[in-house]
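Enquirer: Got a structure for you, questions after.
The values are calculated or read from the model by the stated rules, or taken from the named source; none is laboratory data. What you see is a predicted model; the values in this text were computed from it and never measured. Here the Cβ positions follow ideal geometry from the backbone for every residue, glycine too, while neighbour counts run over all protein chains shown.
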């Protein structure tokens, strides 16, 4: 791949400090590392509508994602990691509560209108769990879990909040453009703020730097939720030119430029952590919320699910199998790959365990991945995974995965945004034999359909 844009290259040279800092941490003697009395910081980075394979570390050969790749090189990368839902709000609810979205009260996208509620306030969030354990907590970036006073971030366990409350914004005007009237959507701690013309991800970094600097001597939890590569695609001009030089056409080129712009800002975030001397004391999680968008506003595509079928809004693999990485220099393996089944709801119990936090909700659907992180031979903590999503269709779509078997009911194939097709009735696949979900085995294995249907029905009856 040709050289990166000049200004980005200089940033990459600067960000080389991160990698060297991470290596230095891993080489510290074990007794020195263990002597640190402080609990680790936690930064959860959530990307928005990033395709299943859209990262160099996941096999993409046409994208420049050096900072995400570097994070994978010094951490643990999952290959069978699933989002809680194929769309924004329920995925975020699953992450923050450790519960399946239906159980968390967010079965589908919530409203982006001021005053409208979202995730019920009685749900305990990751922020509340960490706050009770003495952590300072911050939300920075996208929220999309409620726009009323009792469902905005400060009411859900976050000491500090900065970002947009709705589903998406223009990165420079910070307006939510949808069916009118268009609305300005930028808030700090529940109060509207105006930063006209400033790139949203730059604003996110400014807030993160101030928060981390204020809490560098005490543990903190920060939920850093990018608005990229969700539409509108607004990558830096240098990245647009870079991909034009590679002969990449729209919409892939527009998407790629925004993704590389996001990657650049991730690198700057990690550089801030390094500059504050916190790299060895900070767990970093990176995950996409769901698959890439093929909506008209996304130019009908741009992202890639690689060998998988489906995209955002679909329970096919391309809608829910997502990139996910975790790094903690000196404490977790580096350059490790885990093929075990894992899920976005798992981060709450996993991170609590890693931070020595014992008081967690009892009704979690997530399971700790602590053993899996340390050993490629550890068993997945899940016997099965369940999805149940309401997205405006006539019936909810649901799915169950058990081992290599996956049953889907009432989903759509959103691979081609111009030609979305419904998948009627039960659709059964064996992912080991058919990762592209091309052949329906429901008639051939009715006993498996019956078993997985019962699994879903029994779970649903308990909700």
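Enquirer: Is one or more of the residues making up the stretch 166-179 modelled with pLDDT of 95 or more, surrounded by 15 or more Cβ atoms within 10 Å (Cβ to Cβ) and under 28 Å from residue 39 (Cα atoms)?
Expert: So far as the stretch 166-179 goes, no, none of its residues is modelled with pLDDT of 95 or more, surrounded by 15 or more Cβ atoms within 10 Å (Cβ to Cβ) and under 28 Å from residue 39 (Cα atoms).
Enquirer: Yes or no: the stretch 124-133 includes at least one residue that is part of a loop (DSSP other than H, G, I, E, B), at pLDDT 95 or above, assigned by TED's automatic domain parsing to the domain that holds residue 212 and touching a helix residue (DSSP H, G or I) at 6+ places or on another chain (Cβ under 6 Å).
Expert: Scanning the stretch 124-133, I find at least one residue that is part of a loop (DSSP other than H, G, I, E, B), at pLDDT 95 or above, assigned by TED's automatic domain parsing to the domain that holds residue 212 and touching a helix residue (DSSP H, G or I) at 6+ places or on another chain (Cβ under 6 Å), so the answer is yes.
Enquirer: Please go through (1) within 23 Å of residue 105 (Cβ to Cβ); (2) in contact with a helix residue (DSSP H, G or I) (Cβ under 7 Å, 6 or more places away or on another chain) for residue 338 and return the number of the only condition it doesn't satisfy.
Expert: (1) is the only condition that residue 338 fails.
Enquirer: Sticking with this structure for a sec: What do you reckon, is residue 68 touching a residue at least 12 places away in the same chain (Cβ under 8 Å) and touching a strand residue (DSSP E or B) at 6+ places or on another chain (Cβ under 9 Å)?
Expert: The answer is yes for residue 68.
Enquirer: If you go through the stretch 122-139, how many residues are crowded, with 17+ Cβ neighbours inside 10 Å and either on the phi > 0 side of the Ramachandran plot or without any contact (Cβ under 8 Å) to a residue 60 or more places away in the chain (or both)?
Expert: Final tally of qualifying residues: 3.
Enquirer: May I ask you to list the residues in the stretch 366-400 that are in a loop (DSSP other than H, G, I, E, B), more than 22 Å from residue 348 (Cβ to Cβ) and touching a residue at least 24 places away in the same chain (Cβ under 8 Å)?
Expert: Within the stretch 366-400, 376, 390, 391, 392, 396 meet the criteria.
Enquirer: Identify, by number, the condition in (1) part of a loop (DSSP other than H, G, I, E, B); (2) at pLDDT 95 or above; (3) closer than 27 Å to residue 140 by Cα that residue 77 doesn't meet.
Expert: Only one criterion is unmet by residue 77, namely (1).
Enquirer: Further, regarding this structure: Working only within the stretch 417-463, note down all residues that are closer than 30 Å to residue 105 by Cα and in a loop (DSSP other than H, G, I, E, B).
Expert: Those that are closer than 30 Å to residue 105 by Cα and in a loop (DSSP other than H, G, I, E, B): 417, 420, 431, 437, 462, 463.
Enquirer: Give just the number: which of (1) in a loop (DSSP other than H, G, I, E, B); (2) in contact (Cβ under 8 Å) with a residue 24 or more places away in the chain; (3) crowded, with 19+ Cβ neighbours inside 10 Å does residue 326 not satisfy?
Expert: (1)
Enquirer: Another one. With a cut-off of at least 3 residues that are under 18 Å from residue 163 (Cα atoms) and touching a strand residue (DSSP E or B) at 6+ places or on another chain (Cβ under 6 Å), name the helices (runs of 4 or more DSSP H) lying wholly within the stretch 191-284.
Expert: Of the helices (runs of 4 or more DSSP H) lying wholly inside the stretch 191-284, those with at least 3 residues that are under 18 Å from residue 163 (Cα atoms) and touching a strand residue (DSSP E or B) at 6+ places or on another chain (Cβ under 6 Å) span 200-214.
Enquirer: Within the stretch 165-188, identify whether any single residue is within 25 Å of residue 104 (Cα to Cα), in contact (Cβ under 8 Å) with a residue 60 or more places away in the chain and under 20 Å from the mean Cα position of the chain (by Cα), and answer yes or no.
Expert: Looking for residues that are within 25 Å of residue 104 (Cα to Cα), in contact (Cβ under 8 Å) with a residue 60 or more places away in the chain and under 20 Å from the mean Cα position of the chain (by Cα), one finds at least one in the stretch 165-188, hence yes.
Enquirer: If I go through the stretch 426-458 residue by residue, how many of them are in contact (Cβ under 8 Å) with a residue 12 or more places away in the chain and closer than 19 Å to residue 390 by Cβ?
Expert: 4
Enquirer: Which condition from (1) touching a residue at least 60 places away in the same chain (Cβ under 8 Å); (2) more than 29 Å from residue 84 (Cα to Cα) is the one that residue 268 breaks?
Expert: For residue 268, the failing item is (2).
Enquirer: Now, a different point. Which condition number does residue 384 fail, the rest of (1) modelled with pLDDT of 95 or more; (2) over 23 Å from residue 103 (Cα atoms); (3) surrounded by fewer than 19 Cβ atoms within 10 Å (Cβ to Cβ); (4) in contact with a strand residue (DSSP E or B) (Cβ under 9 Å, 6 or more places away or on another chain) being met?
Expert: Condition not satisfied by residue 384: (2).
Enquirer: Being farther than 24 Å from residue 206 by Cα, assigned to a helix (DSSP H, G or I) and in contact with a strand residue (DSSP E or B) (Cβ under 9 Å, 6 or more places away or on another chain) narrows it down to one residue among 91, 112; which is it?
Expert: Of the residues listed, the single one that is farther than 24 Å from residue 206 by Cα, assigned to a helix (DSSP H, G or I) and in contact with a strand residue (DSSP E or B) (Cβ under 9 Å, 6 or more places away or on another chain) is 91.
Enquirer: Now, a different point. For the stretch 340-361, which residues satisfy the criterion of being surrounded by fewer than 19 Cβ atoms within 10 Å (Cβ to Cβ) and either under 18 Å from the mean Cα position of the chain (by Cα) or not in a loop (DSSP other than H, G, I, E, B) (or both)?
Expert: 353
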